[in-house]
């Protein structure tokens with residue numbers, strides 16, 4: 001069969017074959033390739049209601065009866081004592097699963113005792129590990145079988161007093177109440193059709209200095225649309241067609257823009273040995289922007305070089321989202337001029353100059369300003385220069401000013 005031309009009838013036959021006893025179920029499912037018509041997305045703003053409606057229509061074409069939130073809570077036969085992946089008895093699979101969760105916890109960068117919201121906890125491994133670290137965990141899932149599992153296991157490992165199990169969906173968030181020191185998603189954010197509204201609500205529940213961790217999520221540089229159904233993975237098609245689950249993927253640029261719109265500073269970690277541990281950490285900055293490791297969308301990254309030691313160079317003028325500084329009454333930029341000549345630097349927003357200074361060669365300076373509340377973009381403006389063109393050294397890059405730190409104060 002030509003997988004590239006599979007019809008939904010072909011998909012149904014493959015699903016039926018995969019569900020037969022004694023077959024290589026994983027191989028059959030992985031070979032499913034169904035590509036829906038995505039032309040209805042053309043020209044639509046991916047943050048708009050029209051785009052989301054088009055995604056829902058594509059889903060409804062793939063799933064008989066259309067999308068129903070109750071399908072996310074479908075009860076399946078999975079033993080409490082030995083849920084997936086433990087029932088695989090496959091050391092590499094189980095080890096990779098645990099390594100990914102351990103990596104998430106290792107990089108949460110919050111110390112107990114604190115409050116963590118674990119979204120879509122599934123079999124509960126993340127919630128249990130966080131509780132054993134000393135965190136107080138609000139664990140959210142819509143599936144009653146998972147609720148039963150975690151309720152059972154939290155008592156078995158003596159963390160019953162540290163985990164509050166909440167059965168609710170991502171739209172209602174019934175019983176979920178911040179503020180939280182951290183919020184975690186492990187292979188679960190991609191089930192949210194209304195993820196734009198969800199992230200806005202969760203950001204409001206996050207303490208300054210806290211972070212939302214997105215681990216094991218299908219966020220890809222190569223994803224062909226900003227966001228939508230994962231049409232390139234057989235398991236996703238299987239889950240949509242048979243289970244009615246929302247199985248989304250995200251283009252990295254769209255995802256970074258989503259974080260930026262919510263004023264969240266993103267850093268990214270990738271792991272070759274177990275890609276499921278790849279994650280984004282989206283921080284609500286407390287008093288400084290992590291400029292060295294900051295991961296920006298193309299809209300903002302084009303004016304920045306990667307971190308160079310303890311500084312990050314602009315390429316001349318560079319921009320940042322002003323949403324990072326929401327509520328701040330003052331911002332301080334620590335800069336230095338490595339050009340063998342004076343360098344004029346101006347900080348402005350929407351054409352309004354906030355502060356400016358001429359930096360002499362080798363000068364370090366701190367520029368202070370009050371961020372406007374009605375602007376979207378902060379610009380660090382200066383002329384680009386090249387060390388090699390000026391005979392300074394062999395560095396042929398176009399440079400602007402070196403940024404050491406970006407600090408701010410919220411009253």
* Asked: Taking the Cα centre of each part, how many Å lie between region 213-269 and region 341-411?
  -> 35
* Ranked 308, 118, criterion: other C-beta atoms within 10 Å, fewest first -> 308, 118
* log₁₀ I(q)/I(0) of region 298-409 at q = 0.14 Å⁻¹, via Debye over equal Cα point scatterers, no solvent, to two decimals? -> -0.54
* Approximate spin-label separation residue 27-residue 10, in nm, with each point projected 7 Å along Cα-to-Cβ -> 1.9
* Asked: Looking at the chain, what % of its DSSP beta bridges pair antiparallel, to the nearest 5?
  -> 70
* If you rank 57, 389 by fewest surrounding Cβ atoms within 10 Å, what's the result? -> 389, 57
* Asked: Based on the Cβ-Cβ distance from residue 407 to residue 156, what FRET efficiency comes out when R0 is 30 Å, to the nearest 0.05?
  -> 0.05
* So for 198, 294, fewest C-beta neighbours within 10 Å to most, what's the order? -> 198, 294
* Structure fact -> FRET efficiency for residue 274 and residue 68 from the Cβ-Cβ distance with R0 = 45 Å, rounded to 0.05, comes out at 0.85
* Taking only Cα atoms and a 10 Å spring cutoff, compute GNM fluctuations for the chain and point out the largest among 269, 281, 145. => 269
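Since every read-out is calculated from the coordinates, none of them should be taken as a lab result. Just so it is clear, the structure is predicted and the values come from calculations on it, not from any experiment. A quick note on method: Cβ atoms are made from the backbone with ideal geometry, for glycine too, and the neighbour counts reach across all protein chains shown.
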